[in-house]
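J.: Just passing along the structure, written as structure tokens.
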Amino acid sequence: MNIFGFLSLLGGLALFLYGMNVMGGGLEKVSGGKLERILEKLTSNPLKAVLLGAGVTAVIQSSSATTVMLVGFVNSGIMKLSQAIGIIMGANIGTTATSWLLSLTGIESNNFFISMLKPTSFSPILAVIGIILIMSNKSDRKKDVGEILIGFAILMFGMDAMSSAVKPLADVPEFTGILTKFSNPLLGVLVGAVLTAIIQSSSASVGILQALSVTGAFTYGSVIPIIMGQNIGTCVTAMISAVGGNRGAKRTAFVHLYFNIIGSVVFLILYSVLNAVFQFSFTNETVGVAGIAAIHSIFNIFATIVLLPFTKGLEKLAYLTIPVDESEMEKSGEDEELKILDSRFLATPNFAIEQCVTVTKQMAELTRDTFISAKSLFLEYSQEVAEKVEKQEALIDKFDDKLGAYLTQINSQNLAYRESQMVSTLMHSINDFERIADHAVNLTEIAGKMKKKEIEFSKKAQDEMEVFGKAVEDILNRSVQAFVKNDMELAQSVEPLEEVIDSLNKEVKKRHIKRLRKGKCTIDLGLVLADVAANYERVADHCSNLAVYMIQMEDNSIEAHEYMNTLTEESREQFEKMQEAYQEKYQLS
């Protein structure tokens, strides 16, 4: 092979790997996290798990990606190890879909319709359609479909370039002599494992093997050990992914490794014994691209059938390798909610965002409970409740820190416009929830000072502050419920109430000044009342922000502080009706 032939081989390999990456990325985006949600809600039925793992992996074209996702699920407590084992087995079967797709390159026929099945015939058409979808559409989904088509076309062009570059090597004795050395089973397994470990994709390494097969130097006997090694090598990705995970995540990676090692050993021993007895005629026959795809599928189906009844054994083996220790038994309940923010999910931004939404909903409900507890201290002070508020606020701060850091990591990924908008909304929302919790702590401290100084509001002031507090509790309930249930109608009811709360704040302060002038209230109590009112009013402002963020997600034309100006005549009329209803409900006596 001359220098130009070698460069063609490298260029073909680069296109092949890049095309596989682009196509896989497009498939992930189109799935929109749906595949991951299906995996997350898996039943404990092993057969369903296998079928599910095979189906998901066939779609995203990567058993490594599926297994890394499973490591994340087990690490975050979403899934048990016993559930993950069946999916791992199915993922190995699903990954064979790529090799069958690549086997289409071996089609040879003079018939026009059969020739059109060959990728080099239809890939240019897909490339043209793909580039049109990417350049002429604003829709993210259509662009993602275009990305899949472009990725597939590049993948097939790369495969064809590799095959064309190595074809002349069929007449080079030195090259074919090197390849025949792979007939040694141990060397074949080692080469297959190392190649796959380097490129971290069994689909890609099997594709390279298929491209090399056009030289005619590979026999069925020589590729079987290589394919076994490729299946072992693909475990490297999951093993690396599990390094930063908990002990459950490490066990998941080890199950993947043990499944492939045991399956490969059993398959090779059985093949060798049967070949020695029956002398298979195909052993020394030249293998083609379709033959490699067949071996890849037969092995993975065989390994699954043999080991599926022994899932409990694989689980025990993983527990023997990574035993349960004291730290694992003493889990911190406070951190359980945050475990689902696993860095492995960042490879699928849509799913990672959904995990953030789940945690933010928990943060929202915790914030509401914290505020209600703090408000109750003005009716009946309890040190136990005050300590509970401070503890919950510390946990909310932790939510804010973890979510903020995780969302920043998501934002650094290649996000679609809608995903980027969602990340921005969540970052603003967690900040508002955290600030509401801070105001709850402020109220707790004010109530504590009143208890310590043994001072209390006048009956009139108490009644007014009770009405004010109920209005703020109402707006917080509405905002949290709107966020948790994604209820747009409820979100639109927040701003009219916020306007009423602003009026209440002014009226409460005005009435207090009147009492102060008449000598019915002290300056100290006036300062306390002003502090409480200020915290109430700011909580309502944060609730207003939360509602407007939601409305913005539905209508991109609305600016954060221009909501009132964007109301149509009809919606303004509805707004005023709601405002009047709130004024009547929260009227000061």
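J.: Relative contact order of segment 438-526, please, whole-number percent, based on alpha carbon pairs below 8 angstrom and at least 6 residues apart. Write down the numbers at each step before the final one.
T.: Values: 37 pairs, mean separation 23.5, N = 89.
Answer for segment 438-526 is 26 percent.
J.: Another question, if that's okay. Which entries in 375/452; 80/316; 388/449; 398/453; 80/391 show an alpha-carbon gap greater than 24 Å?
T.: Where the Cα-Cα span goes over 24 Å, the pairs concerned are 398/453; 80/391.
J.: What are the trypsin sites (Lys or Arg not before Pro) within segment 452-523 that DSSP puts in a loop, where the Cβ has at most 10 other Cβ atoms within 10 Å?
T.: On the way: sites: 452, 453, 459, 460, 470, 478, 485, 506, 509, 510, 511, 514, 515, 517, 518, 520; in loops: 518, 520.
When the trypsin sites (Lys or Arg not before Pro) of segment 452-523 are filtered for loop state and at most 10 Cβ neighbours within 10 Å, 518 remain.
J.: Take the alpha carbon gyration tensor of segment 497-557, find the square roots of its eigenvalues, order them as a ≥ b ≥ c, and report rounded if a/c is under 1.5; if not, report prolate when a/b exceeds b/c, else oblate.
T.: Details: a/c = 6.82, a/b = 3.22, b/c = 2.12.
Prolate, because a/c is 1.5 or more and a/b exceeds b/c.
J.: Right, another one. Please name whichever of 139, 409, 299 sits farthest to the positive end of the charge dipole of the chain, dipole taken about the Cα centre and charges placed at Cβ: Lys and Arg +1, Asp and Glu -1.
T.: The Cα lying farthest towards the positive end belongs to 299.
J.: Tell me the relative contact order for segment 310-449 as a rounded percent, counting alpha carbon contacts under 8 Å between residues six or more apart. List each step's numbers first, then the result.
T.: Working: 108 pairs, mean separation 45.0, N = 140.
Over segment 310-449, the number comes to 32 percent.
J.: Looking at segment 368-524, what % of the alpha carbon pairs are farther apart than 27 Å? Can you show the working numbers first?
T.: Details: 4591 of 12246 pairs.
Percent of Cα pairs beyond 27 Å in segment 368-524: 37.
J.: Counting only heavy atoms of the protein chains, get the accessible area per residue of the chain (1.4 Å probe) and round it to a whole Å² value.
T.: Result: 47 Å² of accessible area for each residue.
J.: Helix 289-307 versus the longest principal axis of the chain: what angle, 0 to 90°, nearest 10, using Cα atoms?
T.: 60
J.: Nearest 20 debye, what's the magnitude of the dipole of the chain about its Cα centre given +1 on Lys and Arg Cβ and -1 on Asp and Glu Cβ? Working shown, then result.
T.: Values: 52 positive and 65 negative charges, 194 e Å.
In debye, rounded to 20, the chain gives about 940.
J.: Taking 7 Å along the Cα-to-C-beta vector as the label spot, tell me the residue 128-residue 310 distance in nanometres, rounded to one decimal.
T.: Spacing of the two 7 Å Cα→Cβ label points: 5.4 nm.
J.: Find how many whole Å separate the alpha carbon centroid of segment 456-518 from the alpha carbon centroid of segment 386-445.
T.: For segment 386-445 versus segment 456-518, the Cα centre distance is 24 Å.
J.: For segment 227-308, which whole-number percentage of the solvent-accessible area (1.4 Å probe, protein heavy atoms only) is attributable to carbon and sulfur atoms?
T.: Accessible surface attributable to carbon and sulfur in segment 227-308 totals 76 percent.
J.: One-quarter of the Cα convex hull surface for segment 440-538, in nm²?
T.: Mean orientational projected area (segment 440-538, Cα hull): 6.5 nm².
J.: A further question on this structure: Between 0 and 90 degrees, rounded to the nearest ten: what's the tilt of helix 383-411 against the longest Cα principal axis of the chain?
T.: Helix 383-411 sits roughly 40 degrees off the main axis of the chain.
J.: Translational diffusion coefficient of the chain at 20 °C, 1.002 mPa s, Stokes-Einstein with Kirkwood Rh over Cα pairs, in µm²/s as a whole number.
T.: 76
J.: Would you compute, from DSSP H runs of 4+ residues alone, the mean residue ellipticity of the chain at 222 nm, taking -39500 (n - 2.57) per run and dividing by the full residue count, rounded to the nearest 500?
T.: Calculated mean residue ellipticity at 222 nm is -26000 deg cm²/dmol.
J.: Still on this structure: Round to the nearest 10 and give me the degree value, 0 to 90, for the angle of helix 119-136's Cα axis relative to the longest principal axis of the chain.
T.: So the helix axis and the longest Cα principal axis differ by about 20 degrees.
J.: What does the extension gain come out to for residue 385 and residue 587, with contour length at 0.36 nm per residue minus their alpha carbon separation?
T.: My answer for the length gained is 69.8 nm.
J.: With a cut-off of 8 Å between alpha carbons and a minimum separation of six or more residues, what is the relative contact order of the chain in percent?
T.: Computed value for the chain: 14 percent relative contact order.
The values are calculated or read from the model by the stated rules, or taken from the named source; none is laboratory data. Since the model is a prediction, treat every value here as computed from it, not as a measurement. As a convention, Cβ positions derive from the backbone with ideal geometry for all residues, glycine included, and neighbour counts pool all protein chains shown. SASA here: full protein model, heavy atoms, side chains in, ligands and nucleic acids out. Shrake-Rupley method; radii C 1.70, N 1.55, O 1.52, S 1.80 Å.
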